[in-house]
Structures are given as C-alpha cells and as structure tokens.
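The values are calculated or read from the model by the stated rules, or taken from the named source; none is laboratory data. Because the structure is a prediction, the values reported are computed rather than measured. When we count neighbours, we look across all protein chains shown, and the Cβ atoms used for this are built from the backbone with ideal geometry, even at glycine. Note: accessible area is taken over every heavy atom of the protein model, side chains too, but ligands, DNA and RNA are not part of it. Shrake-Rupley method; radii C 1.70, N 1.55, O 1.52, S 1.80 Å.
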Amino acid sequence: MKIDLLNRTVKTSAREFAEFKIGPSDSGGASFNLWRAKVGQQWHQELRNEIETQSTCSNINFEYQLSGNYIHENWRYEIQGRIDQIETLDDNIILKEIKTVSKALPCENEILSRQYPAYFAQLAVYMQLANLSNDLKDKSILGSLVFVNINDGVKQEIEIDDLWHKLFSNQLNKIHSFIEEKNNSHLRLKKLKHKPVFKKLRTGQEISINKLNAISCDKEFIFFEAPTGYGKTGIVLDYALKRLSENIFDRCIYLTSKSTGQLQITEQLKSIIGDDTSIQYFQMRNKSEHNIASLLHTCDDVGGCRTNIEEKWNDAGIAPSLLYKEGTIQLEDIKTKGINSGVCPYEISRAALPFAEIWIGDYNYLFSHRSRNIFLEQPGFDLKQTLVIIDEAHNFPSRVANNYSFNFSYNDAISVYDELVLANTDALFLQVWSHWINTLDSIKESKEFDLNFEYEVLAIIEPIVNLLLKTHLNAELFTPAAMDKLWEIIEIKNFLENPLIDKLIWSAKKQKIHFTCINASLEIGDQLKQLAQTIFMSATLSPMHYYKSSCGLTSEISIETIQAEADWRQGAFNVAIDTRINTRFSERKKYYETTAETINQASIYSNTPVVTFFPSYRYAESVKAYIEAISPFTRVALQPRIKNLQEQNNFIESSLISANVLLLVLGSGYSESINILGGKTNLVIVVGPALPEVNAIQDAKMKNLNSDAFKQVYQIPGMIKVNQALGRIVRAPGQKASILLHCKRFAEKSYRELLSSEYQNYCSIKNNQELADWLKDVPG
C-alpha cells in the first residue's frame with residue numbers, strides 16, 4: 001500500500017485493502033505463507049480444470065483483472081486486483097473468490113466470517129470494483145466465497161450479495177482512520193522543536209554536524225566514522241529529527257547489533273525530545289523480553305502465543321496508538337496490558353509500530369529474511385521513504401551473512417520423518433524425505449564439500465520442496481520445531497540457488513551439514529539500494545574501502561564519507577608494545593606465567609584496577625589461575641557469562657571498586673557496549689590481537705579472496721575488536737590512560753597500521769626491566 005500524503009492518494013491491491021488491520025493476524029512466517037500460497041494455487045487450478053471440462057464454461061473467465069478509483073473524504077483510492085472467477089449469466093455478473101482453509105468444512109457461515117474476515121472483505125472489494133467498471137456497470141453484481149479445505153478438498157460456498165456494501169465500507173473506514181492518523185503525524189512533525197543535543201559542542205562536533213546537514217538527501221549512503229565518546233549518536237539523531245520534521249523522510253529506523261545499544265538510544269532520544277509530543281519512538285525488543293506468565297496468557301516457544309490471536313485481540317479492544325505516553329511505550333506497560341487482556345505482549349508491540357516515526361531495533365528486523373516481515377508488513381511502511389541508521393556498523397556485514405546460514409542434521413530429519421508418518425503424509429513425500437535422511441546419514445566430517453556435492457544436495461531437496469509446496473500438510477498435526485525444519489528446506493534451496501552470496505557447505509561432525517554464507521556483500525548491497533538513505537556509523541569502519549566492499553557498495557554508488565577525529569584523544573595515551581611474548585594460539589601457553597606476572601606487576605603500580613582484554617574466555621580463565629597462584633591476595637574479577645546490560649554494568653561498577661584486576665573478553669558486550677570505563681582506569685592491557693578462530697569457514701573466506709586475504713579475514717576483524725575495546729577507555733577531555741599491547745605481533749607493520757591513529761606512537765618493551773621502567777610512568 002503506497003500512501004501519497006501530498007496528493008492524498010492511496011495505491012493498493014484488493015488483497016492489501018482487504019487485509020489491512022491494526023493488530024496481529026493468524027498468518028505464519030514467510031515460508032509457511034509461501035506454502036499456503038502454493039497450496040492455494042494448486043486448488044485454484046484443480047477447480048478451474050473441473051469447470052473447464054464442463055460444456056457450460058464458455059461464460060466464465062478466470063483471473064479477471066478489475067481496477068478502479070474510489071473517492072472518499074477527499075482521498076483517492078486506486079485499487080486493482082484479479083478475481084478468481086467471473087461468470088456472466090444473463091444480466092447478472094457472479095464474482096467468485098476461492099480461499100483455502102485448514103478448518104473442517106462444512107462450517108457455520110458466521111464462524112467462517114468471524115475467523116476469515118479478510119476473505120469476505122476481499123470479495124467485497126472486487127464487487128465494488130465491478131460496480132465501478134464501465135464494462136460491467138449495467139449488470140447486477142453478485143458474489144460468493146468458495147472455501148476449500150486443503151486437507152480433504154471439501155468445498156463450501158457462501159453468498160454475500162447483501163453484505164458487500166457494509167463490508168467494503170467498514171474496511172474503508174479502518175484504512176481512512178489510519179491514513180488520517182498518518183497525515184496528522186506528518187503535520188505534527190513539522191512542529192517538532194527538539195532540544196539541543198549537546199549543551200556545549202566539543203572540538204570537531206560542529207564540523208561533523210555541518211557536514212552531515214550539508215549532504216544532499218538524494219545521497220543514498222553516508223559513512224560516519226568517529227571515535228567512541230565523540231558524540232556520533234547525538235549528531236546522527238539530530239540529523240534524523242531535522243529530516244523528519246522537514247518531511248523528507250516518513251520514518252527513521254535505528255538499528256544496532258546488540259540490545260544494550262538500543263536502550264542507550266531510547267534514553268538519548270528521551271533527553272533530546274523532552275516533553276515534545278510531535279514525534280513518537282518505539283524500541284522493538286526481542287520476543288523473549290516480552291514473555292509473561294499469567295492466568296489469561298503464558299508465552300511459550302511452541303506456537304501458543306498465536307493461537308486464536310485475532311479473536312483475542314478483537315475481544316481485548318486494544319488501541320495501540322493510545323498506549324503512547326511521553327512519546328513512547330514502556331515494555332512493562334505492554335506486559336501489563338498482555339497480562340490483563342490475554343494477548344501476547346510481543347503482538348501488542350508489533351501493533352504499536354505504525355504509530356511511531358522512529359523505530360529502534362536489531363539488524364534482523366530489516367536484514368533477516370526470517371524477521372524482516374515484522375517491519376516490512378507494517379501498514380503504511382515504505383522503504384523508499386525511510387532513513388536507516390546502522391549503529392555498530394562494523395558488525396553489520398558479518399551479522400547479515402549469518403542470517404543466510406543454516407544447518408541440518410540426521411537427527412533433525414528423523415524427527416521430522418516420525419511426525420510425517422504420524423500425520424499420515426502420502427508415501428511419495430515420505431520416500432523423497434527418506435532420500436534426505438540417507439544423505440545426512442552418510443555425511444562425514446569435511447572442511448568443504450565440492451560443487452558436485454552441492455548439486456547432489458540440490459537434486460535431493462528440490463523434489464522435497466516441490467512436494468512440500470503441493471502436499472496438503474495439516475500444520476496442526478506437527479510440532480513447531482518440525483514445521484520450522486520443513487520450512488528450512490525451502491530456505492536451504494533458496495540458499496543454494498542464490499547467486500548473490502558466496503557459500504560454504506561443510507560438516508563439523510558426521511551426520512550434519514552446515515550451509516554457511518561466507519560473503520553476503522552483493523545481497524546486502526541489493527537490499528540497501530531499496531532504502532531512501534542509510535547512515536553507517538562506527539568508530540571502526542576503516543579501512544574504509546574494505547568496509548564499503550563488504551556492504552556491496554562500489555565506487556560509482558552515491559556515497560558520502562565523514563571521518564572525524566577528537567583532538568582531545570591525541571596525546572591522551574601512553575602506549576607500549578610488549579615484544580617479550582607471542583600470543584598466537586600455538587604459542588600462548590608458554591607465556592601464561594609471563595602474562596600473569598605482567599598483569600600482577602601492573603596492578604602494583606596502578607592505583608586503579610588494571611583492565612585486561614583477552615581474545616577468548618578460555619584464555620582469560622587460564623591466566624586468571626596463574627595470577628591467583630602467583631599472588632593469592634590480588635583480587636581478580638573475570639567477566640561472568642551474562643547478556644543483560646544492567647547486570648553487566650553492575651559487574652563492572654562493583655569490580656572497579658573491589659578488584660585489583662578486571663579480565664574482559666574482546667568482542668563481547670563488556671568490550672563493545674559498556675561505556676562506564678572511561679576515566680575509571682589508568683592502565684589497560686590488551687593480550688594479543690583477537691584474530692578469529694582458524695576453522696573451515698575462515699579457510700573458505702581465504703580461498704574466496706584474490707588479494708590481502710589474511711588481512712581481510714583475520715587481521716582487520718581482530719584489530720577492530722582491539723580498537724573497539726580501547727575506544728571505551730578515554731571518552732572525555734582530560735582523561736588519560738596507559739596502554740600495554742602485550743604481544744610482539746602488535747609491532748609488526750601489518751598489525752600496527754590497523755591501530756587507530758592515537759595508538760600509533762609507542763615505545764617497545766623488550767625485557768622485564770623496560771617493563772618496570774614503563775610502569776613507573778603510569779599516571780597516578
């Protein structure tokens with residue numbers, strides 16, 4: 001549905017018009033809907049074949065195109081669609097729409113109309129279009145719905161001749177109310193007067209703000225790189241609010257790779273917007289955060305949250321637009337509403353999205369084929385009218401690639417087979433599924449299967465997909481886990497046939513296949529080009545040409561780059577490279593004791609906790625044991641394995657008070673999401689560059705690149721983690737810190753040149769005495 005507020009025009013299909021609603025629907029995911037569509041097509045064709053064999057079918061047309069313009073309240077609705085059958089009978093025109101259902105037929109008409117209101121509304125739209133048609137205006141328009149049960153083919157026909165005016169009018173009023181709300185939002189935004197983002201601008205911020213505001217809105221891509229603590233988020237939010245108030249964009253979507261970052265964004269928006277109600281914003285949390293357990297509803301992972309969801313929603317009478325208070329909706333309020341109404345809180349959140357101009361969420365809500373329908377299917381949402389901000393953008397390409405990866409095991413296939421048998425699935429389907437079981441049973445561990453194997457897998461799953469899209473499976477007879485694996489077969493086929501991704505098919509252990517996307521750059525670029533404008537934001541986008549390439553963006557595309565520096569960070573670091581040790585995986589055990597002694601010695605010289613970053617949790621655990629053995633009275637705190645931001649913050653805050661040494665892992669939320677270390681420590685140790693683990697995936701990535709393979713696959717990702725961690729140590733003018741890069745590889749040019757500029761001036765430590773001398777200069 002395309003809404004043109006300026007020209008007061010709505011362009012929509014008959015189906016979109018009929019299915020429009022604020023609130024949840026009983027439809028499944030993308031694969032399930034694809035299956036239902038294919039099954040529907042099959043029944044349509046069977047019924048058509050049935051009619052065409054009759055001698056009286058000459059007066060029946062199939063897939064008849066209808067279109068028309070309807071004026072309502074000074075809005076022009078341009079509607080088009082195809083009715084399944086149109087029959088001419090004397091002066092009557094009979095429209096028939098065929099709909100497949102899993103519900104047992106025959107059934108009371110009232111039950112069907114209550115359970116499938118959009119089907120009745122769609123026929124009503126066709127009847128309205130027929131009345132607007134010059135070709136049909138002299139005829140009497142009649143209409144009926146033909147329901148077909150997908151499991152047994154039983155049909156039930158319902159005439160709506162006396163109801164269609166009311167059905168069409170009711171649906172029109174729903175859409176009109178929403179459009180007026182959207183138009184009011186458009187007018188409200190023009191009045192938006194947000195607070196200054198910064199009370200006082202730091203050096204460089206004004207330059208970045210002016211550069212950003214000077215960029216033309218037809219520039220599709222903006223890369224904004226600036227150090228952690230620079231104020232990137234505030235600068236970009238200020239830009240977004242200005243563009244929204246100018247009605248250049250309808251909506252802004254702010255995406256991050258971690259929920260921890262989203263909470264910080266909502267807090268900053270709240271401080272910027274204040275009491276201004278001209279704009280509304282909403283954080284779309286993940287499903288698990290919405291979970292409740294109450295008398296009326298308990299969330300689960302087996303599909304219970306969507307059972308009779310439309311009926312529950314209608315009975316609850318929830319008006320999502322009225323839930324907004326002070327510009328947003330708190331998660332606890334949504335959960336309370338769910339407890340009191342019996343509606344899953346996650347569905348309430350989804351229904352609230354259309355009434356916010358700023359959406360905050362995970363990358364997956366726009367760039368995962370499994371989750372993107374949550375945003376894309378929102379009423380009135382238009383990619384070409386949307387500004388997208390990608391925060392923590394250094395994580396973006398790899399996260400998207402992971403969304404295109406799957407695995408399937410022999411045990412998965414056996415579990416699905418057992419449920420297929422219990423559901424009395426036909427013998428042919430069981431036969432082709434057995435071929436898949438046999439293939440998985442024969443799998444041996446392999447770092448990479450060849451192209452012939454890829455073709456063999458495709459040849460085996462293709463007939464499964466074809467039958468899956470034709471077989472009348474009763475979803476109610478399967479567990480959600482089994483249905484997910486069935487739909488995953490379709491996704492694996494799409495993976496194998498997708499020319500825009502580089503693939504690795506391998507096995508880490510017998511009887512299991514991994515389908516791994518090792519490069520999604522072309523796919524990413526293809527999706528990004530659908531958006532009005534995208535801002536990529538991070539402290540670590542460089543080397544910039546590698547990053548742009550990883551997003552599938554070539555030099556001829558409309559790109560602007562802003563690379564800002566904070567002059568107060570220059571000279572804030574006393575950097576040393578400790579060349580005494582080698583932290584390579586094969587060598588590091590030899591130096592555990594040296595590393596432990598170094599950390600313990602540093603804690604003696606420092607009057608603040610020594611923050612030490614490790615490439616892995618196991619590495620940190622091993623060295624912790626050595627520290628405790630060398631100096632039992634040194635208080636060592638190792639980051640716990642928790643994901644909750646508040647709990648992570650609590651750990652850091654308490655450890656800064658109670659511990660002498662704080663051990664954190666590079667690339668974790670502790671090193672990339674928590675911003676409370678600034679000014680709290682004056683000595684940081686980084687134990688080696690955090691290169692990715694050597695495995696089949698990295699090997700495949702290496703083979704896939706023609707030049708600089710080791711640099712792109714290992715060094716750049718590893719050094720990004722180092723720069724991200726160090727970027728959180730000095731976050732404001734006046735803060736200083738000593739940095740010990742504890743591995744001789746940091747002195748190698750290929751690693752050193754990937755350090756941020758403020759860490760480039762360093763001294764080398766070659767022996768214990770030089771370390772002691774350097775530690776004496778650690779600021780107190």
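Tabulated data
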| read-out | value |
| --- | --- |
| Count - residues of segment 668-693 that are farther than 23 Å from TYR714 by Cβ and in a loop (DSSP other than H, G, I, E, B) | 10 |
| Those residues of segment 369-407 which are farther than 22 Å from LEU237 by Cβ, in contact (Cβ under 8 Å) with a residue 40 or more places away in the chain and in a loop (DSSP other than H, G, I, E, B), in sequence order | HIS369, ARG370, PRO379, GLY380, TYR404, SER405 |
| Segments classed as helices (runs of 4 or more DSSP H), wholly inside segment 177-287, with at least 2 members that are touching a strand residue (DSSP E or B) at 6+ places or on another chain (Cβ under 6 Å) and open to solvent by less than 50 Å² (accessible area, probe 1.4 Å) | 232-245, 259-273 |
| Options GLU332, GLU357, GLU310, GLU392: the member that is charged (D, E, K, R) and surrounded by fewer than 16 Cβ atoms within 10 Å (Cβ to Cβ) | GLU332 |
| Candidates ILE265, ILE272, ILE248, ILE279 - the one that is modelled with pLDDT under 95 and touching a Lys or Arg at 6+ places or on another chain (Cβ under 6 Å) | ILE272 |
| Residue selected from segment 552-607 under the condition part of a strand (DSSP E or B) and not hydrophobic (A, V, I, L, M, F, W, C), by the criterion least open to solvent (accessible area, probe 1.4 Å) | ASP578 |
| Close pairs from segment 664-676: first open to solvent by less than 20 Å² (accessible area, probe 1.4 Å), partner of a type in the set (Asp, Glu) and part of a helix (DSSP H, G or I), Cβ under 9 Å, at least 6 apart | LEU666/GLU672 |
| Matching residues, segment 608-619, being within 37 Å of the chain's Cα centre (by Cα) and surrounded by fewer than 21 Cβ atoms within 10 Å (Cβ to Cβ) | SER616, TYR617, ARG618 |
| Yes/no for ALA747 being within 29 Å of the chain's Cα centre (by Cα) and of a type in the set (A, V, I, L, M) | no |
| Test: residue in segment 382-389 that is farther than 18 Å from GLN268 by Cβ, in contact with a helix residue (DSSP H, G or I) (Cβ under 6 Å, 6 or more places away or on another chain) and either of a type in the set (Val, Ile, Thr) or surrounded by 20 or more Cβ atoms within 10 Å (Cβ to Cβ) (or both) | no |
| Residue selected from segment 761-776 under the condition among the charged types (D, E, K, R) and under 26 Å from GLU587 (Cα atoms), by the criterion most open to solvent (accessible area, probe 1.4 Å) | LYS766 |
| Segment 520-551, residues that are part of a loop (DSSP other than H, G, I, E, B) and crowded, with 19+ Cβ neighbours inside 10 Å | ALA520, ALA532, ALA539, THR540, LEU541, SER542, CYS551 |
| Filtered residues of segment 737-760 (kept if in contact with a strand residue (DSSP E or B) (Cβ under 7 Å, 6 or more places away or on another chain) and surrounded by fewer than 17 Cβ atoms within 10 Å (Cβ to Cβ)) | ALA747 |
| Enumerated helices (runs of 4 or more DSSP H) restricted to segment 408-492, each holding at least 1 residues that are surrounded by 19 or more Cβ atoms within 10 Å (Cβ to Cβ) and aromatic (Phe, Trp, Tyr) | 410-422, 427-441 |
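Rundown of residues vs (1) farther than 25 Å from GLN601 by Cβ; (2) part of a strand (DSSP E or B); (3) free of Cβ contacts under 8 Å to residues at least 60 places away in the same chain, yes/no style:
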residue	(1), (2), (3)
SER707	yes, no, yes
PHE710	yes, no, yes
MET719	yes, no, yes
VAL730	no, no, no
CYS763	no, yes, no
GLN769	no, no, yes
ASP773	no, no, yes
